[in-house]
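The values are calculated or read from the model by the stated rules, or taken from the named source; none is laboratory data. Keep in mind that this is a model prediction, so the values were computed, not measured. Neighbour counts run over all protein chains shown; Cβ positions are idealised from the backbone, glycine included. Quick note on the areas: whole protein, heavy atoms, side chains included, nothing else; ligands and nucleic acids left out. Shrake-Rupley method; radii C 1.70, N 1.55, O 1.52, S 1.80 Å.
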Amino acid sequence: MKKIYIAGPDVFEVNSIEIGKNLVKLCEKYGYQGLYPLDNVVDFSQTKHKIAQDIFDANIKMIQEADTVIANLNSFRGKEPDSGTVFECGYAYGLNKEVYGYLSDTSHYIDRFAEDERFAKEGSFYDLDARLIEDFDYPLNLMLSCSTKIIEGDFETVLKFLKGRE
């Protein structure tokens, strides 16, 4: 049975355990084994740095064991996906794993900036800090968009896509 590492900022939600159980059940429904980061056992009586390292090590091990990563790449605390999730996608890509991301909206990244959040100069758009806004007709930064198969929808949409390829 193929293993899927479930990446995303869902681990920060108040009901993160319940979310994880539901995502793992969805994996099972489609014939996969879901690996959810909060299923790792970590000793929380240690120092904060030791706890963080243990979480990191456990998640890395799960990604190494997985065949595929499915990542929630919806905006988290801003216009970009969760940085930890982005790292996990890059790490999995570096290991030659299949990496899929889902977004509720796959419109172009530049379109996420309202007119009052950007300005045009010499044929390009810049944010209010005068930084170039990437415009390659992708929903996310090119490094993530070129390394990750991005699907509009939710976690189950990606599972259906994977099942349809088999």
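Worth a mention:
- Projected label points at SER104 and ARG118, each 7 Å from Cα along the beta carbon direction, are separated by 2.1 nanometres.
- Solvent-accessible area per residue in the stretch 1-145 equals 59 Å², computed with a 1.4 angstrom probe and all protein chains kept.
- Once the chain from LEU38 to LEU95 is taken as fully extended at 0.36 nm per residue, the excess over their C-alpha distance is 18.3 nm.
- Accessible surface of VAL14 - all protein chains present, 1.4 Å probe, nearest 10 Å²: 150 Å²
- Anchor LYS121: aspartates and glutamates whose Cα lies under 15 Å away (excluding residues fewer than 8 positions away in-chain): ASP129, GLU134, ASP135
- Per-residue SASA entry for ILE19, accessible area with 1.4 Å probe, Å² rounded to 10: 40 Å²
- Per-pair calculated FRET efficiency, R0 = 25 Å: ARG77 and ALA130 via Cβ, rounded to 0.05: 0.70
- Each label point was placed 7 Å from the Cα along the Cα-to-Cβ direction; for MET143 and PHE56 their separation is 1.7 nm.
- Cα-based reach from LYS2 at 12 Å (exclusive), listing aspartates and glutamates while leaving out same-chain residues under 8 positions away: GLU28, GLU65, ASP67, GLU98, GLU166
- Accessible area, probe 1.4 Å, largest first, for residues MET62, MET1: MET1, MET62
- Pairs beyond 22 Å (Cα-Cα), from LYS21/LYS163; LYS25/LYS163; LYS61/LYS160: LYS61/LYS160
- Cβ-based net charge around LYS21, under 13 Å, with every Lys or Arg adding one and every Asp or Glu removing one: -3
- Mean residue ellipticity (222 nm) of the chain, computed from DSSP H runs ≥ 4 via -39,500 (n - 2.57), nearest 500: -11500 deg cm²/dmol
- Solvent-accessible area of PHE119, all protein chains in place: 80 Å² (probe radius 1.4 Å, heavy atoms, ligands and nucleic acids excluded).
- P(r) weight above 24 Å for the stretch 37-166, C-alpha pairs, percent: 41 percent
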